[in-house]
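Contents: one structure, followed by commentary.
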Amino acid sequence: MTGRDAELMSFQRTGDSRVIVVNVGMGIGEQIIRSSAVEDTDSVRVTVRVRRNTGSAPAIVLSIPTVVRLNASLLERAVLDGAGHTVPDYGDYVGPRPTPTR
């Protein structure tokens, strides 16, 4: 499959222990083509593949929250990227809030 493994900048926990949000470093003009998680008793290895659209784009990195579903509860397992490096835990995920009205 074409594309590249994206940088996993951090992950966050949700109210469901079998769902995490991985913050993926992507460039403008890139799109996620697949994500996967390989689990064992001590860790979860997450890979997110991205593909660049044709044409040029500015060299800007965006942090894109990406939902990853697990087969078992995360509990105290480590989250690793595809290369086996630890992905930082940024605590609980809080989604966007509505704009306040007056």
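Just so you know, all these numbers are worked out from the coordinates, no wet-lab data involved. If you're wondering where the values come from, they're calculated on a predicted model, not measured in any experiment. For neighbour counting, all protein chains shown are included, and Cβ atoms are generated from backbone atoms with ideal geometry for every residue, glycine included.
What is the sum of charges around ASP16, taking Lys and Arg as +1, Asp and Glu as -1, for the other residues whose C-beta is under 13 Å from the C-beta of ASP16?
Computed value for this residue: +2.
Of all DSSP beta bridges located in the chain, what percent are antiparallel, nearest 5?
Just about 85 percent of them are antiparallel.
Report, by chain and number, residues whose modeled amide H sits under 5 Å from the one on VAL87, excluding near sequence neighbours (fewer than 5 apart, same chain).
Distant-sequence amide H within range of VAL87: VAL79, LEU80, ASP81.
With a bin width of 5 angstrom, please list the P(r) values of the range 4-92 as percents of all Cα-Cα pairs, from the 0 bin to the one holding the largest distance.
Calculated over all Cα pairs of the range 4-92, the distribution is 3, 15, 27, 24, 16, 8, 5, 2, 0 percent.
Compute, for the range 4-92, the length of the dipole vector about the Cα centre, with Cβ point charges of +1 (Lys, Arg) and -1 (Asp, Glu) only. Units Debye, rounded to 20.
Result for the range 4-92 is approximately 420 debye, rounded to the nearest 20.
Restricting to Cα pairs below 8 Å that are 6+ residues apart, what does the relative contact order work out to for the chain? Please round to a whole percent.
For the chain, the relative contact order is 35 percent.
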